[in-house]
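Scroll down for the structure; my scribbles are underneath it.
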Amino acid sequence: MIKHLRSAADLDAPTATLILDTAGEMAALAGREVKKLPTLRGRTVVNLFYEDSTRTRISFEAAAKRLSADVINFSAKGSSVSKGESLKDTALTLQAMGADAVVIRHPASGAPHRLAAWVDGSVVNAGDGTHEHPTQALLDAYTMRSRLGRIDGLKVAIVGDVLHSRVARSNVLLLTTLGAQVTLVGPPTLIPVDIAAALSPATKVSYDLDSVLPDMDVVMMLRVQTERMQDSFFPSAREYSRRYGLDLARMRKLPEHAIVMHPGPMNRGMEITPEVADSSRSTIVEQVANGVSARMAVLYLLLGGKA
Amino acid sequence: MTSYLLRGVSVLGAESRDLAIVDGLISDKAPADAEIIDAAGLVALPGLVDLHTHLREPGREDAETVETGSRSAALGGYTAVFAMANTSPVADTAGVVEQVWRLGREAGLVDVQPIGAVTVGLAGKQLAELGAMATSAANVRIFSDDGHCVADPRLMRRALEYVKAFDGIIAQHAEEPRLTEGAQMHEGEVSTRLGLTGWPAVAEEAIIARDVLLAEHVGSRLHICHVSTAGSVEVLRQAKARGVRVTAEVTPHHLLLTDELAASYDPVYKVNPPLRTAADVEALRAALVEGVIDIVATDHAPHATEDKECEWAYARPGMVGLETALPVVLSVLGERWDLIAERMSRTPARIAGLTGHGTDLAVGQPANLTLVDPSARRVVDPSELASRSRNTPYAGTTLPGRIVATFLRGEPTVLDGKAVK
Amino acid sequence: MASPRADAPSKIILSASDLHRVVDRIAHQILEKTSGATGTVLLGIPTRGVPLAQRLAARIHAFEGIDVPVGSLDITLYRDDLRLHATRALGKTELPGGGIDGRRVVLVDDVLFSGRTVRAALDALNDEGRPSSVQLAVLVDRGHRQLPIRADYVGKNIPTSLSESVRVSLTESDGLDEVKLTGGEDQ
């Protein structure tokens with residue numbers, strides 16, 4: 001079994017499938033009156049969050065608590081680079097506290113890799129800079145499998161700011177490992193030219209959302225930050241949503257069975273219209289619920305055996 | 001003054017012979033009381049000259065001082081180093097450059113030649129008092145805002161023109177700042193995978209292209225710091241073919257290491273300009289042999305532990321390099337001693353207008369030289385470095401060659417591989 | 001459990017026909033002790049407890065025409081030895097419709113050994129609901145209990161040494177029906 005989950009690339013197909021299967025069992029248990037399991041009693045999980053992300057932190061916290069782990073929330077937000085304690089000193093503190101796993105959210109790409117060098121416990125990447133967010137990819141894959149019955153052979157479009165998206169990177173890696181065909185869609189300024197070579201050679205790239213939609217099983221809309229306008233990645237929110245936003249007219253181009261996903265938080269009216277976000281094809285609420293099951297599965301597989 | 005007899009030394013790989021050092025000069029015959037050094041199997045090179053060293057003093061004495069940096073240089077075979085201006089305060093006045101120069105003299109391990117800043121505070125707005133620095137005791141001839149690019153084309157043109165009055169030279173850190181905002185590593189497959197903001201090759205090439213045209217236009221000399229891309233090599237090749245008076249340096253690490261190393265997210269591999277691709281490394285090696293790139297310069301950039309033991313994005317860029325430069329170049333070029341002397345001693349001294357260094361080991365010349373054991377292999381151990389900092393990218397790497405002794409004007413600064421003081 | 005070498009001597013404790021007879025007998029005993037299996041649910045413990053529970057239900061149906069609800073109860077997340085082994089994949093937990101509240105649950109497993117699996121099953125059951133009573137049916141009781149647990153229905157008692165290993169094979173999971181004893185110094 002793997003020790004850390006720093007990148008979706010840490011997961012081969014059997015391991016990823018095992019996590020999804022385990023998440024399925026965890027989801028089934030979530031329907032019970034008693035949701036708590038004794039599995040990780042006596043284990044300590046630290047949520048080390050250098051960025052505000054209430055939803056991700058709560059999701060990990062719920063996952064760890066349902067497995068009876070002791071949870072310590074360590075919000076390091078506000079401790080700037082020059083001031084405050086260094087990541088290494090924090091790591092040594094967590095080490096001394098006997099953390100069995102550290103769930104880290106950090107604005108710097110690669111911070112989980114650094115942390116893993118300084119602690120004995122497992123490190124789970126809960127989003128690092130513009131690098132990866134592997135548990136998001138796992139819950140997305142789990143959601144696809146629940147809705148569509150499989151991942152192998154699915155055609156998935158990931159639309160938007162791929163350049164800055166940790167969700168996109170992790171999804172490309174994981175979905176490709178599980179046999180899906182991923183197409184990245186967005187303005188050329190937001191899709192690195194070497195993205196396929198960097199992540200997975202089978203990845204396709206398109207700058208034309210309309211031509212891609214009729215062939216897709218899944219469309220995943222990425223959050224687009226309006227600040228990107230200032231850096232000239234696109235001219236205006238209006239032009240962006242006209243070319244790459246998902247509205248009802250575009251959604252109708254999708255096959256009947258296709259689903260619409262969004263990792264949240266959404267910019268309603270920017271990359272997705274409210275009618276689409278709230279439609280029956282949208283899995284946005286399910287994704288949140290599945291997040292807890294997927295993270296329980298990850299924590300169980302990292303901590304539920306011999307260290 | 002002690003005289004020395006280097007017995008059985010091979011000068012630049014030639015047949016071994018005895019070489020005497022008397023009164024600080026190379027001599028053909030040693031007095032009877034000369035100290036004898038068994039130099040069998042050792043190769044003598046003119047003392048190395050580094051046009052690009054960060055000594056950190058004044059300002060960051062926790063990372064390096066003129067003295068510790070000088071010791072590191074002597075152990076690397078250097079007899080002269082040029083100290084970059086990005087200290088705190090910035091070396092942009094006669095006062096600061098004279099202070100650094102004096103500290104170098106006091107340390108007495110290598111000749112420390114200060115480089116002056118081109119612009120006040122390295123801010124890229126207003127020319128520093130270049131003439132005052134040139135006529136100071138430090139006798140500054142190289143000016144650079146290294147760490148920052150002189151990005152404003154009009155300011156760059158003026159600087160190139162202005163220093164002609166005292167045969168100065170502008171050493172440009174070629175980096176178009178708008179193209180490298182927030183940049184963390186070479187822009188390419190690896191940066192895309194790692195989610196680190198890319199530093200595109202074109203940001204370097206565009207500035208070099210602009211500056212060779214400016215230098216050509218005003219008829220000035222131009223030096224390009226730490227060339228790192230194959231595209232830059234092509235721009236330089238064309239400029240030189242046209243007769244532009246441009247010279248260029250490459251660092252040892254850009255001759256050996258690639259951007260793949262960033263995958264560890266260990267900032268010991270973070271440097272500016274960043275490590276590039278294997279194709280760039282190939283092009284740089286070829287350019288160095290060919291002479292399109294004139295010299296090797298270390299860009300020795302010591303950093304305190306806390307500036308490297310952190311997240312990649314928060315780490316300072318740079319690597320220490322004085323003590324590993326010659327071994328790295330040996331591993332890249334092989335035992336082509338004359339070429340090594342050309343690229344690491346004679347040409348850098350000539351570019352800088354530095355007399356007394358980079359001269360052949362002929363009778364009557366100043367005895368600035370280093371003795372190398374080419375058969376030795378050394379595993380780099382950061383804790384053994386004389387530099388105050390430990391940020392070497394070669395920890396655990398086995399490199400060829402060991403610097404056995406270094407002489408500065410006939411005085412040993414290194415003997416038996418150890419600093420004399 | 002000790003895993004003897006593949007070439008360790010082994011002997012067959014129950015043949016296929018023995019095994020079928022034993023299952024029939026347990027089915028009869030369950031009918032007898034539960035007044036015709038009214039209000040009773042069979043829960044198999046994965047892996048081999050699940051097909052055994054299904055067989056028991058099928059036999060009960062054959063004898064009396066009664067349909068006993070069957071389900072499975074995975075106990076992995078309740079084990080007390082998780083840290084002693086590499087992480088285990090989870091089995092399925094599927095409770096029959098109507099759940100277990102107020103019903104008599106018969107846990108079904110292949111081998112009763114230390115009793116720790118049953119302890120975990122009781123904990124798991126406790127989180128699933130509140131049965132009126134819980135009974136235990138096992139194909140083989142090999143002794144060496146480490147907890148105060150006993151079975152209500154035992155197919156066969158097999159005295160073993162700790163160095164021996166009991167291997168239950170079922171057609172559903174292993175392609176044949178048989179119980180083997182392997183290993184041990186005295187063979």
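Residue-wise test of (1) free of Cβ contacts under 8 Å to residues at least 40 places away in the same chain; (2) in a strand (DSSP E or B); (3) touching a Leu at 6+ places or on another chain (Cβ under 9 Å).
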| position | (1), (2), (3) |
| --- | --- |
| A:Asn47 | no, yes, no |
| A:Phe60 | no, no, yes |
| A:Ala63 | no, no, yes |
| A:Ile72 | yes, yes, yes |
| A:Thr90 | no, no, yes |
| A:Thr93 | yes, no, no |
| A:Ala117 | yes, no, no |
| A:Ala137 | no, no, yes |
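Which of the numbered conditions does A:Glu256 fail, given that it passes all the others? Conditions: (1) free of Cβ contacts under 8 Å to residues at least 60 places away in the same chain; (2) over 17 Å from A:Ala157 (Cα atoms); (3) out of contact with any helix residue (DSSP H, G or I) (no Cβ under 9 Å at 6 or more places or on another chain); (4) not small (Gly, Ala, Ser).
Failing condition for A:Glu256: (2).
Being of a type outside the set (Lys, Arg), in a loop (DSSP other than H, G, I, E, B) and either facing another protein chain (nearest Cβ under 9 Å) or within 20 Å of A:Gly42 (Cα to Cα) (or both) is the filter here, so list the residues in segment C:89-104 that pass it.
Scanning segment C:89-104 gives C:Ala89, C:Leu90, C:Gly91, C:Thr93.
A quick yes/no check of all residues on (1) among the acidic types (Asp, Glu); (2) under 19 Å from the mean Cα position of the chain (by Cα); (3) surrounded by fewer than 22 Cβ atoms within 10 Å (Cβ to Cβ):
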{"residue": "B:Val163", "(1), (2), (3)": "no, no, no"}
{"residue": "B:Ala174", "(1), (2), (3)": "no, yes, no"}
{"residue": "B:Glu181", "(1), (2), (3)": "yes, no, yes"}
{"residue": "B:Gly188", "(1), (2), (3)": "no, no, no"}
{"residue": "B:Arg221", "(1), (2), (3)": "no, yes, yes"}
{"residue": "B:Val244", "(1), (2), (3)": "no, no, yes"}
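Please state which of the following conditions B:Leu179 fails to meet, knowing it meets all the rest: (1) aliphatic (A, V, I, L, M); (2) away from chain A (no Cβ under 14 Å); (3) without any contact (Cβ under 8 Å) to a residue 40 or more places away in the chain.
Going through the list (1) aliphatic (A, V, I, L, M); (2) away from chain A (no Cβ under 14 Å); (3) without any contact (Cβ under 8 Å) to a residue 40 or more places away in the chain, B:Leu179 breaks only (2).
Being in a helix (DSSP H, G or I) and in contact (Cβ under 8 Å) with a residue 24 or more places away in the chain narrows it down to one of B:Ala349, B:Ala386, so name that one.
Values: B:Ala386 fails: in a helix (DSSP H, G or I).
Exactly one residue qualifies, and that residue is B:Ala349.
Checking the condition in contact with a Leu (Cβ under 6 Å, 6 or more places away or on another chain), away from chain A (no Cβ under 14 Å) and either surrounded by fewer than 21 Cβ atoms within 10 Å (Cβ to Cβ) or not small (Gly, Ala, Ser) (or both), which residue from C:Leu107, C:Leu112 passes?
Details: C:Leu112 fails: in contact with a Leu (Cβ under 6 Å, 6 or more places away or on another chain).
One residue alone meets the criteria, C:Leu107.
Looking at (1) without any contact (Cβ under 8 Å) to a residue 60 or more places away in the chain; (2) under 18 Å from B:Gly401 (Cβ atoms); (3) of a type in the set (Gly, Ala, Ser), which is the one condition that is false for B:Gly291?
(2)
Here is a yes/no grid of residues against (1) in contact with a His (Cβ under 7 Å, 6 or more places away or on another chain); (2) at pLDDT below 95; (3) of a type in the set (D, E, K, R):
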{"site": "C:Val138", "(1), (2), (3)": "no, no, no"}
{"site": "C:Pro148", "(1), (2), (3)": "no, no, no"}
{"site": "C:Tyr153", "(1), (2), (3)": "no, no, no"}
{"site": "C:Ser161", "(1), (2), (3)": "no, yes, no"}
{"site": "C:Val179", "(1), (2), (3)": "no, no, no"}
{"site": "C:Asp186", "(1), (2), (3)": "no, yes, yes"}
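Name the single residue, out of those in segment A:95-116 being facing chain B (nearest Cβ under 8 Å) and either of a type in the set (Gly, Ala, Ser) or crowded, with 24+ Cβ neighbours inside 10 Å (or both), that is farthest from A:Leu301 (Cα to Cα).
A:Ala108
For every residue, the table says whether it meets (1) over 16 Å from the mean Cα position of the chain (by Cα); (2) over 28 Å from B:Val289 (Cα atoms); (3) within 14 Å of chain A (Cβ to nearest Cβ).
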position	(1), (2), (3)
B:Trp312	yes, yes, yes
B:Arg316	yes, yes, yes
B:Gly321	no, no, no
B:Asp338	yes, no, no
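Here are the criteria: (1) out of contact with any helix residue (DSSP H, G or I) (no Cβ under 6 Å at 6 or more places or on another chain); (2) within 11 Å of chain B (Cβ to nearest Cβ); (3) within 25 Å of B:Ala263 (Cα to Cα); (4) of a type in the set (S, T, N, Q). Tell me which single one A:Thr189 does not satisfy.
Unmet for A:Thr189, out of (1) out of contact with any helix residue (DSSP H, G or I) (no Cβ under 6 Å at 6 or more places or on another chain); (2) within 11 Å of chain B (Cβ to nearest Cβ); (3) within 25 Å of B:Ala263 (Cα to Cα); (4) of a type in the set (S, T, N, Q): (2).
Going through segment B:283-330 one residue at a time, which ones are closer than 16 Å to B:Glu384 by Cβ and part of a loop (DSSP other than H, G, I, E, B)?
Answer for segment B:283-330, where residues must be closer than 16 Å to B:Glu384 by Cβ and part of a loop (DSSP other than H, G, I, E, B): B:Pro302, B:Val320, B:Gly321, B:Leu322, B:Glu323, B:Thr324.
Among the residues of segment B:321-361, which ones are on the phi > 0 side of the Ramachandran plot and surrounded by fewer than 23 Cβ atoms within 10 Å (Cβ to Cβ)?
Going through segment B:321-361, the residues on the phi > 0 side of the Ramachandran plot turn out to be B:334, B:353, B:356, B:358.
Residues satisfying the conditions are B:Gly334, B:Gly353, B:Gly356.
Do you know which residues across segment C:47-83 are part of a helix (DSSP H, G or I) and within 14 Å of chain A (Cβ to nearest Cβ)? Quick ask: steps written out before the conclusion?
Step one: of segment C:47-83, the residues part of a helix (DSSP H, G or I) are C:49-64, C:76-78, C:82-83.
Matches in segment C:47-83: C:Thr76, C:Leu77, C:Tyr78, C:Leu82, C:Arg83.
Report whether or not C:Ala86 is within 13 Å of chain A (Cβ to nearest Cβ) and crowded, with 22+ Cβ neighbours inside 10 Å.
Details: within 13 Å of chain A (Cβ to nearest Cβ): yes; crowded, with 22+ Cβ neighbours inside 10 Å: no.
No; evaluated as a whole, the condition is false for this residue.
Name the residue, out of C:Asp123, C:Asp174, C:Asp152, that is within 14 Å of chain A (Cβ to nearest Cβ) and surrounded by fewer than 19 Cβ atoms within 10 Å (Cβ to Cβ). First the steps, then the outcome.
On the way: C:Asp174 fails: within 14 Å of chain A (Cβ to nearest Cβ); C:Asp152 fails: within 14 Å of chain A (Cβ to nearest Cβ).
Every option except C:Asp123 fails the conditions.
What number of residues in segment A:209-246 are surrounded by fewer than 20 Cβ atoms within 10 Å (Cβ to Cβ), over 16 Å from A:Glu271 (Cβ atoms) and in contact (Cβ under 8 Å) with a residue 12 or more places away in the chain?
3
I'd like to check something: does segment C:100-109 contain any residue that is over 20 Å from C:Thr34 (Cα atoms), without any contact (Cβ under 8 Å) to a residue 40 or more places away in the chain and touching a Lys or Arg at 6+ places or on another chain (Cβ under 9 Å)? Break it down stepwise before answering.
So in segment C:100-109, the residues over 20 Å from C:Thr34 (Cα atoms) come out as none.
Among the residues of segment C:100-109, not one is over 20 Å from C:Thr34 (Cα atoms), without any contact (Cβ under 8 Å) to a residue 40 or more places away in the chain and touching a Lys or Arg at 6+ places or on another chain (Cβ under 9 Å), which makes the answer no.
Considering (1) touching a Leu at 6+ places or on another chain (Cβ under 8 Å); (2) outside any loop (DSSP other than H, G, I, E, B), say which one C:His144 fails and leave the rest.
The failed condition is (2).
I want to confirm something. Restricting to segment A:12-57 and keeping residues that are closer than 21 Å to A:Met144 by Cα and more than 14 Å from chain C (Cβ to nearest Cβ), which single residue is modelled with the lowest pLDDT? Working first, answer last.
Kept after step one, since they are closer than 21 Å to A:Met144 by Cα, are these residues of segment A:12-57: A:12-31, A:55-56.
Narrowing further to those that are more than 14 Å from chain C (Cβ to nearest Cβ): A:12-13, A:55-56.
Working: A:Asp12: 97, A:Ala13: 97, A:Arg55: 90, A:Thr56: 94.
Result: A:Arg55.
Scan B:Leu236, B:Leu261, B:Leu256, B:Leu288 and give me the residue that is among the hydrophobic types (A, V, I, L, M, F, W, C), surrounded by fewer than 24 Cβ atoms within 10 Å (Cβ to Cβ) and over 22 Å from B:Thr192 (Cβ atoms). Steps first, answer last, please.
On the way: B:Leu236 fails: surrounded by fewer than 24 Cβ atoms within 10 Å (Cβ to Cβ); B:Leu261 fails: over 22 Å from B:Thr192 (Cβ atoms); B:Leu288 fails: surrounded by fewer than 24 Cβ atoms within 10 Å (Cβ to Cβ).
None of the other options fit; the residue is B:Leu256.
Regarding A:Gly149, is this residue of a type in the set (Gly, Ala, Ser), without any contact (Cβ under 8 Å) to a residue 24 or more places away in the chain and over 21 Å from A:Ala108 (Cα atoms)?
Numbers: of a type in the set (Gly, Ala, Ser): yes; without any contact (Cβ under 8 Å) to a residue 24 or more places away in the chain: yes; over 21 Å from A:Ala108 (Cα atoms): yes.
When the stated conditions are applied, A:Gly149 passes them.
Can you tell me which residues in segment B:96-105 are over 13 Å from B:Gly69 (Cα atoms) and touching a residue at least 40 places away in the same chain (Cβ under 8 Å)?
Within segment B:96-105, B:Val97, B:Glu98, B:Gln99 qualify.
Report those helices (runs of 4 or more DSSP H) wholly inside segment A:215-307 carrying at least 1 residues which are over 20 Å from the mean Cα position of the chain (by Cα) and more than 14 Å from every other protein chain (Cβ to nearest Cβ).
Numbers: elements: A:237-244, A:248-251, A:274-277, A:284-303.
Here the list reads A:237-244, A:248-251, A:274-277.
The values are calculated or read from the model by the stated rules, or taken from the named source; none is laboratory data. From a predicted model like this one, the values you see are computed outputs, not experimental measurements. When we count neighbours, we look across all protein chains shown, and the Cβ atoms used for this are built from the backbone with ideal geometry, even at glycine.
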